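Novice: Here you go, one structure.
The values are calculated or read from the model by the stated rules, or taken from the named source; none is laboratory data. On a predicted model such as this, the values are computed, not experimentally measured, just so you know. In this analysis, Cβ positions are derived from the backbone assuming ideal geometry, glycine residues included, and neighbour counts consider all displayed protein chains. Heavy atoms of the whole protein, side chains included, go into the accessibility calculation; ligands, DNA and RNA do not. Shrake-Rupley method; radii C 1.70, N 1.55, O 1.52, S 1.80 Å.
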Amino acid sequence: MTPAGEGAGERGRGGNATGPDGIPRPQWMAQVFSNLADEEPEAFARFAPPGEVGRRSAVLMLFGPTEDGGTDVVLTARSRELRSHPGQVSFPGGRVDPTDAGVVDAALREAEEEVGVEPDSVDVVGELPELFLMPSDNSVTPVLGWWPVPGEVRVVDPGEVERVERVRLDELLDPANRFTVAHPSGYRGPGFEAGGLFVWGFTALLLNGAFELAELNVPWDESVERPIPEHVLADWARNR
């Protein structure tokens, strides 16, 4: 794990404990990295890269203040025309290009290209451990960011993103909106239904892991299982 100020911030305004002008970053963001130093959540250990991987990517887990004093996070629905994970809910992000200074630079660039987030408006908190996605031979680094003065988010590249939403944390953390996803393949993992989005797979694992590290999780009934909606499953299965 790499907190900002220790090599994390190639772009943006990382390393500022209170963030750029605007609402200071919440204390739980520091808690993420202090707890991560003690023990990694099971998901991060389970999906650790095996060594050499085919490609490297980065995603931006961008949280920001709401007008009523709450917090939200930027989530996207990927284009249904993509070959990889079509239609799934995700964080802005993508491949690390040779011209990127590193994973932080890649995450900020992709967020700008996909949903219009200005890189200099982001307070980079740090990098979470890489996770390996076996189906795409892809190692993904989650970059945790705070948006002290949130701007507009919009679909900039419809070839990559079909929809973008700022989803409230209190809605994601509500036990009534949490469940275990039951996939026909036998996969079982955390799921959320919030902001009109069905969140499962990699994105749900990341959210659950971050909430666990931040000590934000509210107890929820993991025995409650929900199947993946047919339209979501159809997008996933189309390229299988």
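Novice: Against the definition (surrounded by fewer than 19 Cβ atoms within 10 Å (Cβ to Cβ) and either hydrophobic (A, V, I, L, M, F, W, C) or outside any strand (DSSP E or B) (or both)), how does ARG163 come out, yes or no?
Specialist: no
Novice: Checking ARG154 against (1) outside any strand (DSSP E or B); (2) under 26 Å from ASN35 (Cβ atoms); (3) without any contact (Cβ under 8 Å) to a residue 40 or more places away in the chain, which test does it fail?
Specialist: Of the numbered conditions (1) outside any strand (DSSP E or B); (2) under 26 Å from ASN35 (Cβ atoms); (3) without any contact (Cβ under 8 Å) to a residue 40 or more places away in the chain, the odd one out for ARG154 is (2).
Novice: Being among the polar types (S, T, N, Q) and touching a Gly at 6+ places or on another chain (Cβ under 8 Å) narrows it down to one residue among THR141, THR203, THR180; which is it?
Specialist: THR180
Novice: I've got another one for you. Looking at the stretch 218-240, which of its residues are assigned to a helix (DSSP H, G or I) and either at pLDDT below 75 or over 18 Å from GLU193 (Cβ atoms) (or both)?
Specialist: Matches in the stretch 218-240: HIS231, VAL232, LEU233, ALA234, ASP235, TRP236, ALA237.
Novice: Scan the stretch 169-184 and give yes if some residue there is at pLDDT 95 or above, more than 24 Å from GLU212 (Cβ to Cβ) and open to solvent by less than 20 Å² (accessible area, probe 1.4 Å), otherwise no.
Specialist: No, there is no match, as no residue in the stretch 169-184 is at pLDDT 95 or above, more than 24 Å from GLU212 (Cβ to Cβ) and open to solvent by less than 20 Å² (accessible area, probe 1.4 Å).
Novice: Tell me whether the stretch 131-149 contains one or more residues that are open to solvent by 70 Å² or more (accessible area, probe 1.4 Å) and assigned to a loop (DSSP other than H, G, I, E, B).
Specialist: Checked against the condition, which is being open to solvent by 70 Å² or more (accessible area, probe 1.4 Å) and assigned to a loop (DSSP other than H, G, I, E, B), the stretch 131-149 yields at least one hit.
Novice: Checking GLU215 against (1) modelled with pLDDT of 80 or more; (2) open to solvent by less than 50 Å² (accessible area, probe 1.4 Å); (3) not aliphatic (A, V, I, L, M), only one condition comes out false. Which one?
Specialist: (2)
Novice: Another question, if that's okay. Within the stretch 193-206, is there a residue that is farther than 27 Å from ILE228 by Cβ, surrounded by fewer than 18 Cβ atoms within 10 Å (Cβ to Cβ) and out of contact with any helix residue (DSSP H, G or I) (no Cβ under 9 Å at 6 or more places or on another chain)?
Specialist: No: zero hits.
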